[in-house]
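Since every read-out is calculated from the coordinates, none of them should be taken as a lab result. As the structure is a computational prediction, the values presented were derived from the model and not from experiment. Positions of Cβ are backbone-derived with ideal geometry, glycine not excepted, and every protein chain shown enters the neighbour counts.
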Amino acid sequence: MRFALLALITLAACTQPRSKTCRDICARESDCVTSTSSQIPFDEKECVVACEMLRNDQQNLAKVEQHKECVLGHPSCTDVLECP
């Protein structure tokens, strides 16, 4: 029963539409990791899922918005990769 519930939650999380905010943040970070040949392990899909989870938590929503401003506000990929 526990496994079935976990599978259902995971499936629901994978099929929910993703916000433009999270897609934009993660796409920019992915581009920067690729263009700088960074050794930072990065998976854009995992990034979007993590971002969505943080956006759905009211305590972390402000952090997501700050990160968005940092990532989308810097033209330099070096600066983007240093965003908190």
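Scan the stretch 30-51 for residues that are charged (D, E, K, R), surrounded by 13 or more Cβ atoms within 10 Å (Cβ to Cβ) and farther than 18 Å from Asp79 by Cβ and jot them down.
Listed by number, the list holds a single entry, Glu44.
Show the residue pairs that are 6+ apart or on different chains and have beta-carbon atoms under 7 Å apart, the first residue being within the stretch 53-75 and free of Cβ contacts under 8 Å to residues at least 40 places away in the same chain and over 14 Å from Asp24 (Cα atoms), the second being assigned to a helix (DSSP H, G or I) and among the β-branched types (Val, Ile, Thr).
Leu54/Val64
Out of everything in the stretch 35-73 that is part of a loop (DSSP other than H, G, I, E, B) and among the β-branched types (Val, Ile, Thr), what residue ends up being nearest to Cys83 (Cα to Cα)?
Ile40
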